[in-house]
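The values are calculated or read from the model by the stated rules, or taken from the named source; none is laboratory data. The shown structure was predicted, so the numbers you read here are calculated from the model rather than taken from an experiment. Every residue, glycine among them, receives a Cβ derived from its backbone with ideal geometry; neighbour counts consider all protein chains shown.
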Amino acid sequence: MGRIKNFKTGLMKGVGANVVILGLVSLFTDLSSQMVFPLIPLFLTTALGSSATIVGLIEGSAETLASLLKVFSGYWSDRIEKRKPFVLFGYGLSSLAKPLFAFAYAWQSVFAIRILERVGKGIRNAPRDAIIAESCTDDVRGKAYGIHRAMDGTGSVFGAVLGVILLISLGYRDTFLLAGIPSLIAVFLIVFVKEKRKATRNAVPTAAKSMRVSFRALTPQLKYFIAVATVFTLGNFGYAFLMIRALDIGLNDRTAMLLYILLYITYTIFTIPAGALSDKIGRKPVIVIGYALFGITSLSLAFVSDLSQIVWPFALYGVFYAMIDGVQRAFVVDLSPPDLKATSLGAFHTATGLAALPAGVISGLLWDTISPEVTFIYGFVLSFVAAALLLRSRLGLVPARS
């Protein structure tokens, strides 16, 4: 009993049950997702014979379309003061889409299914992140997002391991079919999320605000940060290009999957400490370090030629991702009006998601028309531009509170 009490007053101090439940939802969802998504670039390039440009187009388009929905779902969850229905429907749609990859025999089919799955993510993300913000005290917001992302990362590790095992024994298509099982468990767990109504509201009720008025109410500081994060996203080529880089230097798809597992192990280890650190020293320095780490990772990927050299960029990518994934969400909530948390998160996810399409296409075109090295140098340059823009701003001089 003493150990349990210490756990509640230590790691979980100020963190509500919804954070843990949604963490379990993300764990099972990512267990399912990572049985599928890291295999998609390999499936496209090896089984379907697609180019790097097609990989970039599919990944970028899927994220962009999903992002268009994030701002609407965030706004409407603020307006009707309900989050859970959006979360339930979004996760449900994604869980139904994943097994459909087993029936794809052309890249166009993969494209359509990927978009359907990302639509589910677009509907659920902003309302879910708002529930997390409303289920913890302000002084541990970074840690709360870190706990959620760590549980998400744990699911990713086990999902990727299971994906490798199933890929070896069953092949791509049967692995895709089995991925539907853990995602259905995740949907069931959402039933246990308990929404809390705010005790007080602003003088102008959220329901009375149009979407245009809601966007105008977003703070200048938040808009600046979203702009900086969007610049960074334009150079963020994503894990798909790490996977095909592994193939490009002569590794097989199983080795690429093992490297992907390493990436998520490092992410899972570092995400809670990164969130907790941002609670103590502020979000900005943690995010700046994350952007810089991505730049270093990009530059190193331009010069790798064998397994011993590419291991470290995969691990470093996991650290970078841990530094920004939950911390950026916490920073958005810090900078948002209290009654527009989901709208703010939706605006952030939408802006960065819209940048994913040109980011993916540009990365793919640079890869196919010039060289893979130029793709990574492009990511290096934009990451340091974003880091400089954030560093020179007056955002986050002290840990923000709302």
Seminar exercise, completed: Those residues of segment 75-87 which are surrounded by fewer than 22 Cβ atoms within 10 Å (Cβ to Cβ), in contact (Cβ under 8 Å) with a residue 24 or more places away in the chain and in a helix (DSSP H, G or I) amount to 79, 80, 84
For this session: Within segment 1-13, work out how many residues are in a loop (DSSP other than H, G, I, E, B) and at pLDDT below 75.
Result: 4
For this session: Could you please give the count of residues in segment 179-214 that are in a helix (DSSP H, G or I), among the β-branched types (Val, Ile, Thr) and modelled with pLDDT under 55?
Result: 2
Exercise. Hey, does segment 311-330 have a residue that's touching a Ser or Thr at 6+ places or on another chain (Cβ under 9 Å) and free of Cβ contacts under 8 Å to residues at least 12 places away in the same chain?
Worked result: no
Exercise. In the list 124, 173, 149, which residue meets the criterion of being in contact with a helix residue (DSSP H, G or I) (Cβ under 7 Å, 6 or more places away or on another chain), surrounded by 24 or more Cβ atoms within 10 Å (Cβ to Cβ) and touching a residue at least 60 places away in the same chain (Cβ under 8 Å)?
Worked result: 149
Problem set entry | Selection within segment 51-74 - surrounded by fewer than 24 Cβ atoms within 10 Å (Cβ to Cβ), out of contact with any Pro (no Cβ under 9 Å at 6 or more places or on another chain) and in contact (Cβ under 8 Å) with a residue 60 or more places away in the chain | 51, 53, 54, 57, 61, 68, 72
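Residue by residue, here is whether (1) modelled with pLDDT of 90 or more; (2) in a helix (DSSP H, G or I); (3) surrounded by fewer than 21 Cβ atoms within 10 Å (Cβ to Cβ) holds:
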{"position": "250", "(1), (2), (3)": "no, no, yes"}
{"position": "258", "(1), (2), (3)": "no, yes, yes"}
{"position": "296", "(1), (2), (3)": "yes, yes, yes"}
{"position": "323", "(1), (2), (3)": "yes, yes, no"}
Seminar exercise, completed: In the set 106, 102, 112, the lone residue that is without any contact (Cβ under 8 Å) to a residue 12 or more places away in the chain, surrounded by fewer than 20 Cβ atoms within 10 Å (Cβ to Cβ), farther than 18 Å from residue 26 by Cβ and among the hydrophobic types (A, V, I, L, M, F, W, C) is 112
Problem set entry | Selection count, segment 25-50, where residues are surrounded by 19 or more Cβ atoms within 10 Å (Cβ to Cβ) and assigned to a helix (DSSP H, G or I) | 16
Exercise. Given the residues 74, 23, which is the only one that is among the small types (Gly, Ala, Ser) and farther than 19 Å from residue 346 by Cβ?
Worked result: 23
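Is segment 81-91 home to any residue that is at pLDDT 90 or above and closer than 30 Å to residue 53 by Cα?
yes
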Problem set entry | Total residues in segment 368-388, condition surrounded by 23 or more Cβ atoms within 10 Å (Cβ to Cβ) and either of a type in the set (Gly, Ala, Ser) or at pLDDT below 90 (or both) | 3
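On the given criteria, is residue 141 more than 20 Å from residue 94 (Cα to Cα), buried (at least 24 other Cβ atoms within 10 Å of the Cβ) and among the basic types (Lys, Arg)?
So residue 141 fits the description; yes.
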Exercise. Based on what the data block shows, is residue 334 in contact (Cβ under 8 Å) with a residue 24 or more places away in the chain, closer than 16 Å to residue 267 by Cα and not polar (S, T, N, Q)?
Worked result: no
Problem set entry | Pairs, first under 18 Å from residue 375 (Cβ atoms) in segment 244-261, second buried (at least 24 other Cβ atoms within 10 Å of the Cβ) and of a type in the set (Val, Ile, Thr), C-beta under 8 Å, six or more apart | 244/55
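Looking at segment 94-138 only, could you name the residues that are part of a helix (DSSP H, G or I) and either in contact with a Pro (Cβ under 6 Å, 6 or more places away or on another chain) or among the charged types (D, E, K, R) (or both)?
Those that are part of a helix (DSSP H, G or I) and either in contact with a Pro (Cβ under 6 Å, 6 or more places away or on another chain) or among the charged types (D, E, K, R) (or both): 98, 114, 117, 118, 121, 124, 128, 129, 138.
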